[in-house]
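Right, one structure below, let's go through it.
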Amino acid sequence: MGDREGASRPVAVVTGASQGLGLALAEALARDGWRLVIDARRGGRLEAAAARLAAQTTVVAVPGDVANPVHRAMLAGAAADLGPVGLVVNNASTLGASPLPSLSDIEAAVLQRIFEVNVIAPLSLLQALGTSLAPEATIVNITSDAGVESYEGWGGYGASKAALEHASRVLAAERPDLRVLVVDPGDMRTEMHQDAFPGEDISDRPGPEASVPGIMALIDGGRPSGRYRARDVMAPSAQP
């Protein structure tokens with residue numbers, strides 16, 4: 001790992017990193033020289049992901065629910081132990097229920113859980129990190145087209161992503177010292193997307209790795225705070 005070894009390497013926190021987009025992005029960050037603090041609810045999957053990542057970088061895995069304030073404090077503590085945090089990827093999300101209920105039928109407890117994970121947790125994690133955030137740190141909040149389009153059954157999840165997007169815009173206005181990127185990765189062949197369409201064949205969707213080059217280009221590039229679609233962003237190596 002050359003002269004980027006040890007404490008000189010930047011630190012990133014990635015939530016929901018045991019599979020899907022979170023793991024694919026964590027692997028790209030590891031290759032790019034970031035030390036990682038990762039989390040997920042399923043400890044076994046997280047442990048397996050950490051073992052893969054450890055072959056490339058320093059990685060600290062903290063199993064738990066990002067909606068739990070004690071868990072967020074543990075994440076923040078692990079990140080502070082590594083050094084200033086230059087990147088936070090708020091990737092962990094929940095649909096709330098499968099199959100997706102209509103707004104007429106969604107239970108209040110399910111709706112509350114969606115907002116706790118998808119809106120409150122990302123903002124609260126940033127609060128928990130506090131002074132551990134490096135000057136001009138980058139925040140990547142993963143969103144969805146469901147946050148700007150109206151799809152039947154996606155009311156709870158979509159409303160949470162719309163709330164996250166607006167909160168991100170306000171955060172960018174309040175914290176000009178941070179770069180706040182709201183990123184729509186597009187449709188992906190993931191477990192969560194399969195849960196949204198139980199029993200259906202989603203093999204035509206691209207894997208999450210298709211969204212990673214665009215997200216990495218945003219992280220590494222100089223684009224300002226704002227909303228981006230990952231697959232509309234061209235990686236530097238692909239530019240003419």
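Figures for the structure shown
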| item | result |
| --- | --- |
| Top-ranked residue of region 29-58 - restricted to ones that are closer than 19 Å to residue 121 by Cβ and of a type in the set (Gly, Ala, Ser), ranked as least open to solvent (accessible area, probe 1.4 Å) | 40 |
| Any pair with Cβ under 8 angstrom, 6 or more apart, that starts in region 65-81 at a residue that is within 15 Å of residue 117 (Cβ to Cβ) and free of Cβ contacts under 8 Å to residues at least 12 places away in the same chain and ends at one that is in a helix (DSSP H, G or I) and open to solvent by 70 Å² or more (accessible area, probe 1.4 Å) | none |
| Scope region 200-222; condition among the small types (Gly, Ala, Ser), surrounded by fewer than 19 Cβ atoms within 10 Å (Cβ to Cβ) and within 17 Å of residue 23 (Cα to Cα); matching residues | 207, 210 |
| Residue among 109, 128 that is closer than 21 Å to residue 69 by Cβ and in contact with a helix residue (DSSP H, G or I) (Cβ under 7 Å, 6 or more places away or on another chain) | 128 |
| Members of region 93-137 found to be under 23 Å from residue 153 (Cβ atoms), among the hydroxyl-bearing types (Ser, Thr, Tyr) and within 18 Å of the chain's Cα centre (by Cα), listed by number | 93, 94 |
| Enumeration of residues in region 93-115 that are part of a helix (DSSP H, G or I) and surrounded by fewer than 12 Cβ atoms within 10 Å (Cβ to Cβ) | 108, 109 |
| Failed item in (1) hydroxyl-bearing (Ser, Thr, Tyr); (2) in a loop (DSSP other than H, G, I, E, B); (3) surrounded by 21 or more Cβ atoms within 10 Å (Cβ to Cβ), with residue 160 passing the rest | (2) |
| Top-ranked residue of region 166-204 - restricted to ones that are at pLDDT below 75 and part of a helix (DSSP H, G or I), ranked as nearest to the chain's Cα centre (by Cα) | 192 |
| Scope region 59-92; condition assigned to a loop (DSSP other than H, G, I, E, B), over 30 Å from residue 155 (Cα atoms) and open to solvent by 60 Å² or more (accessible area, probe 1.4 Å); matching residues | 84 |
| Any pair with Cβ under 8 angstrom, 6 or more apart, that starts in region 47-58 at a residue that is without any contact (Cβ under 8 Å) to a residue 24 or more places away in the chain and ends at one that is not hydrophobic (A, V, I, L, M, F, W, C) | 47/63 |
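The values are calculated or read from the model by the stated rules, or taken from the named source; none is laboratory data. Keep in mind the model is a prediction, meaning the values are calculated, not measured. Positions of Cβ are generated from backbone atoms using ideal geometry, with glycine treated the same way; all protein chains shown enter the neighbour counts. These accessible areas exclude ligands, DNA and RNA; they are computed on the full protein's heavy atoms, side chains included. Shrake-Rupley method; radii C 1.70, N 1.55, O 1.52, S 1.80 Å.
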